[in-house]
Amino acid sequence: MTELYKPRPQFEDFHARSLRWSVIVAHRRAGKTVACVMDLLTSALATPKPQARFAYIAPFYSQAKQVAWDYLKHYARDVAVKVNESELSVELFNGSRVRLYGGDNPEALKGIYLDGVVLDEFADMRASVWGEVIRPMLADRKGWAVFIGTPKGKNAFFELYQTAKDDPDWFTLMLRASDTGLLPPEELADAKKSMSDSQYEQEFECSFDAAIIGSIYGKDISRARTQGRIARVPHEPAKLVMCSFDIGFGDSTAIWFWQTYGGEARFIDYYENNGEPITHYLGILKRRDYNFDTLWLPHDAETNGKFATGKSISEIVRENGFKVRIAPNLSIEEGINQGRLLLAKALIDEKRCGAGIEALAAYRWDYNQRLDELKTIPVHDWSSHGADSWRYAAVSMKVSDDRPKPIKYDLRGYV
């Protein structure tokens, strides 16, 4: 296997490291994925631990397959005794196994152990997946972790790198295209012509200062933090709780919980999970110590689900004793406008709503690179579930007469 792989000089220190934790910030086409796949394989071969388990995790399962699966099969071909195409794993002759996963379904990761893990494009993942899911999986085996990616603004990946570069327990590597020499100068010059300065600095010079292209709620979240409205927001037992649902059929379902109190909208809780039936989420609500008023469901809740059960989602919810209303079916742009108005005045519990806040901060408009312009639809990724549920809350909430009237924004110019 080792004869098939010749590491680029830029990654030799990485392969020779002895530290448990690593962060690699690298420009596009630097070869970080190949280097990390090989690191997983060599570690899996060298470990004395029985039944060792190693993982490569991309933001999406389909992305992991597209980016790393061919590399893993290729470099493991002489040492693998089993290649499982359905679960994207290779088992080596010493009993070790390397498997690919997607960070979009963190529940699928729970319950396993790991001796080593690579988190690719960590800037595109929900940051809490590391602390809540992956880090505990390394504890009993004292496994290691490598975070790799290209910057996407000053998010959790930026904070991780800033902390790690001053910590002697971490290995860090910054690979800028202007320093590595891995891409021909004429190719970089041509890329500069067809990309904005911000894009080029982010993708090739690893700049964390470049703004996230198309951020929808980023400035609103920053303003709410500055104004102290993202903080501890306690549940008021005397007040009823309302919920908005974004119901995923085959992917995540997200729920925002809020109370109106003294003319304020107070978001006290958030819950999201993947691949569970509606009864799972109703069970979560019943276990909360809340008195519920209305559950606001998306318009397709009246029809979806009938093929499998004979009953719609809304019928199942009503049968479980909850009051149901269907959220107004406004356009996405109008809903986002209402969502921004709500963010301008809502109070949000920083801890219990942490995952939802992450989703709002990462939500962004899609980008047409060929035309160098933002599209009129948001990117559909892990962040869209929490953001859609927020939008349903915004368009459903009863607004008193003394609240500000809706303000129209130039949405695609709000970056």
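List of remarks:
- The calculated FRET efficiency for His74 paired with Arg318, based on their beta-carbon distance and R0 = 60 Å, is about 0.65.
- Evaluated with a Cβ-only charge set (Lys, Arg +1; Asp, Glu -1), the chain carries a dipole of roughly 800 debye about its Cα centre, given to the nearest 20.
- Gain on full stretching of the segment that runs from Phe249 to Tyr261 - 0.36 nm per residue minus C-alpha separation: 1.0 nm
- Projecting the Cα atoms of Leu72, Ser89, Val117 onto the dipole axis of segment 2-176, where Lys and Arg carry +1 and Asp and Glu carry -1 at the beta carbon, places Leu72 farthest toward the positive end.
- Within the listed set Ala231, Ala362, Ala76, the Gaussian network model of the chain (springs between alpha-carbon atoms below 10 Å) gives the highest mean-square fluctuation for Ala231.
- Positive end of the dipole of segment 201-245 (Cβ unit charges, origin at the Cα centre): among Gln227, Phe204, Ile216, the Cα lying farthest that way belongs to Gln227.
- If R0 equals 25 Å, the separation of the Cβ atoms of Val81 and Ala108 corresponds to a calculated FRET efficiency of about 0.55.
- If you take the Cα centroid of segment 217-243 and the Cα centroid of segment 1-80, the two points sit 41 Å apart.
- Since only Asn337, Ala355, Met242 are under comparison, the one whose Cα sits farthest along the positive direction of the charge dipole of the chain, derived from C-beta charges on Lys, Arg, Asp and Glu, is Met242.
- Fewest-first sequence of Glu236, Glu87 by Cβ atoms within 10 Å of each Cβ: Glu87, Glu236
- The dipole here belongs to segment 230-373: it is taken about the Cα centre, uses +1 on the Cβ of Lys and Arg and -1 on the Cβ of Asp and Glu, and is about 520 debye.
- Charges were assigned to the Cβ only: +1 to each Lys and Arg, -1 to each Asp and Glu. The resulting dipole of segment 2-176 about its Cα centre is roughly 180 debye.
- Which listed pairs, of Lys110/Lys165; Lys65/Lys165; Lys239/Lys323; Lys110/Lys142, have C-alpha distances above 20 Å, in listed order: Lys110/Lys165; Lys65/Lys165
- Most simply put, the chain has about 40% antiparallel DSSP beta bridges, counting only bridges with both residues inside it.
- If R0 is taken as 56 Å, the Cβ-Cβ distance between Asp179 and Ala231 corresponds to a FRET efficiency of 0.85.
- Amide hydrogen neighbours beyond the local backbone of Asp293, cut-off 5 Å, H modeled: Val241, Met242
- Amide H within-cut-off set for Trp365, under 5 Å, with H built and near neighbours excluded: Ser215, Ile216, Val379
- The slack between Thr376 and Asp169, meaning 0.36 nm per residue of separation minus the straight C-alpha distance, is 70.1 nm.
Quick note: the coordinates plus some simple rules give every number you see, no bench work behind them. These numbers were taken from a predicted model, which means no experiment stands behind them. All Cβ positions, glycine included, derive from the backbone under ideal geometry; neighbour counts span all protein chains shown.
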